[in-house]
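Report on the following structure.
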Amino acid sequence: MASSETQALTDGFHLVIDALKLNDINTIYGVPGIPITDLGRIAQAEGMRVISFRHEQHAGNAASIAGYLTKKPGICLTVSAPGFLNGLTALANATTNCFPMILISGSSEREIVDLQQGDYEEMDQLAIAKPLCKAAFRILHAEDIGIAVARAIRAAVSGRPGGVYLDLPAKLFAQVMDAAEGQKSLVKVVDPAPRQLPAAESISRALDVLKTAERPLIILGKGAAYAQEDEIVRNFVEKSGVPYLPMSMAKGLLPDDHPLSAGAARSLVLKESDVVVMIGARLNWLLSHGKGKSWGAPKLKRFIQVDIEPREMDSNVEIAAPVVGDIGSCLSAMSVAMGDSWPSVPAEWTATIKQRKDVNLEKMSAKLLSNTVPMGFHSALGALRTIVKQRPDAILVNEGANTLDFARSIIDIYKPRKRLDVGTWGIMGIGMGAAIAAAIETGHPVLAVEGDSAFGFSGMEIETICRYDLPVCVVVFNNNGIYRGTDTNPTGGPDAAPTVFVKDARYDQMMAAFGGVGVYATTPDELTCAVNEAMDSGKPTLVNVVIDENSGTESGRIGNLNPQSVVSKK
Ligand code: ADP
Ligand code: MG
């Protein structure tokens, strides 16, 4: 009897935490509640950072951005059914974006859920999560926690990264086992994201295609930024001398003012290029699927694609030279195989691009200087452009419609992984989650440039920003509504039009309500002053920027995706 009383014990709570910590995962983003409240408490007591949000979706978005920035799975912890569902949006978004994250949800009792007898927050969460993530596991026994966490980590970060679901029924947490046995059951994952070496023939095939190019183009995507092989990417681009176009989150992988950047000649290079090297970027809707008029059809183009996911090849158009492997291995192999006498890019092509860039940059800089009040998007973004140039270590978070489209092209980024935005789905609501994770994971100041509508999706999380005293400056581009603030109700009835908000709302006062700094800005100078002060002090700040409610276009630059009725408009 005496021996069992002195026997050291552990339980499900501790084993989950020990398994994460053993794998160098030290931060949890989540919302506490039944049955995981104590998990968060114990995690904090055990030295983990536990960041509590006001809504699970934002905790999940934070976890996925933590994964993107660190290459370790970000952890999101939620309660059962409704909390799980809130987190699920972020899990699906992470998977879509190839961000590694693990959603850990508490769940109700299997026996009751499976017989549908009406448990507290009853839901078959595992079945629901499965189609929306890379892998989904349920743990029923404490002794399986080590293996399950190991599998979840591997699934999240190996190959093409993505989201993983871990289902932890309430009963698991209280299961007790011998502490030493428990310790032995944990797994430290060896080489969780193994290098994937490209086949030698894929390298020579790719270079054969590239060699024949007269108007080559490189497209860098966020997969290349994620890989953290910045030197290798830069060497490959510079050695090849091929102009490149960064996808939005790949901006800064090479600085946007790099002479080979073709960002300011985007439509020209998409149309006129004859060979395109895709590097960690997909030919999805963001690139018009690699076909059509914007790609210069019916002219023929040949694609080389470097990607870790073999099934990405030929997903939209024929890939003449697939190079399957991790970015670092593929590009260094290509650089080596190019040797010392790689032919330079035809001067006519680089000159054409330079000419177009110069014209476009000239046009833009004139617009940025405009000094009208209320401000338009350009003058406000011109101010932020200068600030980001002076503070290249700051991380820019960006969402909205017009606020997103304009900021993407106006604000240059100078270092890798300094721009976080709406990603593959183009969704609203990532703002505060991304900003919080960026601040927590990097310690660098964060500038979140938000449309007023976009901000609304996660706005309550400014309380979280204040609570953890994070160096986040939120700039809300307030034009009184979605796209514009000028729509009216055609019936003359009392309801506002569906796309407009309260006029002249004071988002800055929300921040002040939680003890942060709120600033109301009507001119570029006021905006500049407020943001600089926030970045210097590191104090949570929200700048409400008054933008002309007439400026902004329907759906920003993707109006073509927003069907418009030709019959019912009055
Ligand atoms: P973007 O939106 O910037 O074009 P995508 O998210 O569409 O970027 O594409 C990223 C691509 O990068 C995905 O196809 C993914 O498989 C790939 N990828 C992610 N990590 C790596 C890596 N380490 N090595 C190679 N490819 C990667
Ligand atoms: Mg707006």
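Observations on the structure shown:
- Computed lengthening from Ala347 to Asp525, 0.36 nm per intervening residue step minus Cα-Cα distance: 59.9 nm
- Rg/Rg_globular for region 1-78, with Rg_globular taken as 2.2 N^0.38 Å and Rg from C-alpha atoms: 1.27
- Neighbour counts of C-beta atoms inside 10 Å place Arg110, Arg417 in the sequence Arg110, Arg417, starting with the fewest.
- Point-charge dipole on Cβ atoms (K/R +1, D/E -1) for region 451-537, about Cα centre, debye to 20: 240 debye
- Of the trypsin sites (Lys or Arg not before Pro) found in region 267-330, those in coil by DSSP whose Cβ has at most 11 other Cβ atoms within 10 Å are Lys299.
- In the chain, a dipole from Cβ-located charges (positive for Lys and Arg, negative for Asp and Glu) runs towards its positive end, and of Trp349, Gly12, Val242 it is Trp349 whose Cα lies farthest in that direction.
- In this Cβ point-charge picture (+1 for Lys and Arg, -1 for Asp and Glu), region 167-292 has a dipole of about 300 debye about its Cα centre.
- Translational diffusion of the chain, µm² s⁻¹ [Kirkwood Rh, Cα pairs; Stokes-Einstein; 37 °C; 0.692 mPa s]: 130 µm²/s
- Within region 403-429: backbone nitrogen closer than 18 Å to the Arg266 label point (7 Å, Cα to C-beta): 403-415, 417-428
- Theoretical ellipticity at 222 nm over the chain - DSSP helices of four or more residues, -39500 (n - 2.57) apiece, nearest 500: -12000 deg cm²/dmol
- Separation of region 519-570 from region 378-426 is 12 Å, based on Cα centroids.
- If R0 is 25 Å, the Cβ-Cβ spacing of Thr499 and Lys363 corresponds to a FRET efficiency of close to 0.30.
- Translational diffusion coefficient (Stokes-Einstein; Kirkwood radius from C-alpha pairs) of region 369-552 at 10 °C, 1.306 mPa s, in µm²/s: 99 µm²/s
- Rounded to two decimals, the Cα radius of gyration of region 200-354 over 2.2 N^0.38 Å is 0.93.
- Computed log₁₀ I(q)/I(0) - Debye formula, equal Cα scatterers, no solvent, region 4-185, q 0.08, 0.09, 0.19 Å⁻¹: -0.21, -0.27, -1.24
- Out-of-range pairs (alpha-carbon distance over 23 Å; input Lys134/Lys293; Lys293/Lys357; Lys72/Lys188): Lys134/Lys293
- Where N is the number of residues in region 256-325, Cα Rg divided by 2.2 N^0.38 Å: 1.10
- Overall, region 200-354 carries a charge dipole of about 620 debye about its Cα centre when +1 sits on the Cβ of Lys and Arg and -1 on the Cβ of Asp and Glu, all other atoms neutral.
- Cut-off 10 Å between beta-carbons: net charge of the residues surrounding Val317, Lys and Arg +1, Asp and Glu -1: +1
Taken together, the values in this text are just the output of simple stated rules run on the coordinates, not laboratory data. Predicted model, so just to flag it, every value in this text is computed and none were measured. Virtual Cβ from ideal backbone geometry, glycine too; neighbours counted across all protein chains shown.
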